[in-house]
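Take a look at the structure set out below.
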Amino acid sequence: MRYFVLAIVLFCVEIFFSTDVFSVPKEGSPQFLVDDTKEVHDKVPVIMPWCVIPLDPAYGGQWVVAADLTGDGVPEIISAENFNEGDVHYTSAVAVHKLDGRLLWHWGKPDIGRKTWHHDVACQAHDWDENGQIDVTVCEAGAIVELDGRTGVEKRRIPIEKDATDCIVFCDLAGKGRPTDVLVKNRYNQIWAYDQNGVLLWAVKEPGGYRTAHQPRPIDLDHDGRDEIIAGYALLNCDGTVRWVYDSERIEMDRGHLDCARILEYGNKLKDWRIALTFCGANAIAVADGNGKTIWEVTGYHFESINIGKLTAEQHGMQILVDIDHQPKGQSPIWLFDGAGNKLGELITDYSRHHKLLDWTGDGIAEIVVAHSRALYDAKGICLATLSVPKGVLAAAGNAKRSVLLADMNGNGIQDILLVLPTHVLIYKNKSGKAMAESVALGTGLNVTLY
């Protein structure tokens, strides 16, 4: 009898770990481990910038989004400064440039903010009022401010809590078929939702009992036409009520907050979704389904920003690229996982925090671009090319961190590379890439984030 009971227990354990409810990935031997910190990239192609745009020295800052504000089919560069005191920050100045460097307009108070960032800045481009013209919406201290995209003239001002200025996210809570609602938040505790007319819809403090994410993530998981919100460890319904809270026996979730959430697989049913999550302070990466149930977890490292893409034809489905932050200079890794959480490889650069995936060669397989090393890598971590930056531009930027954005900058549906420095934006035209299967917005699109 004793052996029979033991057999039943072992059978149940085997069934549990063999289903898609929860699995422990096998790290095994990765397919590649590349240390790029000592490589000299003098034998690889050099990609010259298509445009080098000096940012306005008074009003310009390193937070950048791009959108066609004038309606001429060519995006403008929108850059912003941010004020910070006691980890409460807001947008303090904005400068808008044409691609030839001309200043189109500026707004704000240029002497109170900083040029660089270490967090998102509440400045996005969107046709919020649905008049066919893209405007710039920012969070000033105590207000959402909508600025006319063509002129920078203030169109309207919506009073909000003084510290609800950490970031701004457009979403569709009403089921109108486009993002007409907006979310604002303070640093880590509370989120407020407003409709198109500036009416407060709801406010949620410590969603699910935990801190908020850096940027709330709208997603229509149940296909009812209204966005749910990944607010942190909790998923909120469109009315702000909590639908589920992520739970883990392996992750000490009280130690931090959600850094990033990205869609690994879209599903017709909630159980078929796969959502990749990183846990700041709690040192983990996980994938959950649309019900918030764990599919797999990897712990022990400060995983930060996630890119999802097809990096190799040898693997089924999409892969996950994620950096490990808070490492000494020269020991900054990016890991590549398959969809089941198995580690495929590791690339080490001097500083890997800001990275993106795009098809640069036109073969349907994504390449990795890392901002700090100014280099493109293949899925084995081999450097394919470097991004050229004029010496004077590098000298002006000093030791500031660099960010990288993807944007269609000429209307051909192909993503180009934007390298963003505190003093300049450099655009590298993607000459060999193919247009995306899905529609790509002109410019950087909605809800740009550093995470």
Where a label projected 7 Å from the Cα of Glu314 along Cα→Cβ would reach, residues of segment 368-394 with amide N under 17 Å: 368, 378-383
For segment 174-185, Karplus couplings with θ = phi - 60° (6.51, -1.76, 1.60), whole Hz, Gly/Pro x: 9, x, 8, x, 7, x, 10, 9, 9, 10, 10, 7
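Under the rule a/c < 1.5 gives rounded, and otherwise a/b versus b/c splits prolate from oblate, where does segment 68-181 land using the Cα gyration tensor?
Here segment 68-181 falls in the oblate category.
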Rg over Rh [alpha-carbon atoms, Kirkwood Rh] for segment 112-162: 1.00
Relative packing of 38-45, 399-406, 337-344, 91-98, which averages over residues the other C-beta atoms within 10 Å, highest first: 91-98, 337-344, 399-406, 38-45
Sparse-neighbour loop sites [trypsin sites (Lys or Arg not before Pro); segment 102-153; at most 12 other C-beta within 10 Å; DSSP]: Arg102
Carbon + sulfur, % of accessible area of segment 43-166 - ligands and nucleic acids excluded, 1.4 Å: 53
Cα gyration tensor category, rounded, prolate or oblate, for segment 330-451 with a/c compared to 1.5: oblate
Antiparallel DSSP beta bridges within the chain, as percent of all bridges there, nearest 5: 95
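Would you mind getting the accessible area per residue of segment 296-451, heavy atoms of the protein chains only, 1.4 Å probe, in Å²? Display every interim value, and only then the final one.
Values: 5580 Å² over 156 residues.
Value returned for segment 296-451: 36 Å² of accessible area per residue.
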222 nm mean residue ellipticity, helices alone, for the chain (DSSP H n ≥ 4; -39,500 (n - 2.57); rounded to 500): -1500 deg cm²/dmol
Candidate lysines for bridging to Lys155, where Cα separation is under 16 Å - those fewer than 8 sequence places away on the same chain excluded: none
Listed residue pairs exceeding 19 Å between alpha carbons, taken from Lys98/Lys434; Lys310/Lys401; Lys98/Lys391; Lys310/Lys356: Lys98/Lys434; Lys310/Lys401; Lys98/Lys391
Gyration tensor verdict on segment 220-321 (Cα atoms; rounded if a/c is under 1.5, prolate if a/b is larger than b/c, oblate otherwise): oblate
Per-peptide average of other Cβ atoms within 10 Å, ordering 297-304, 46-53 highest first: 297-304, 46-53
Two-site label geometry, Val88 and His41: point separation in nm, points 7 Å out along Cα→Cβ: 4.2
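Cβ neighbours within 10 Å, averaged per peptide: list 375-381, 276-282 in order, most packed at the top.
Answer by packing, highest mean first, reads 276-282, 375-381.
The values are calculated or read from the model by the stated rules, or taken from the named source; none is laboratory data. These numbers were taken from a predicted model, which means no experiment stands behind them. Neighbour counts are summed over all protein chains in view; Cβ atoms, including those assigned to glycine, are modelled from backbone coordinates with ideal geometry. For accessibility, only protein heavy atoms count, side chains too; no ligands or nucleic acids. Shrake-Rupley method; radii C 1.70, N 1.55, O 1.52, S 1.80 Å.
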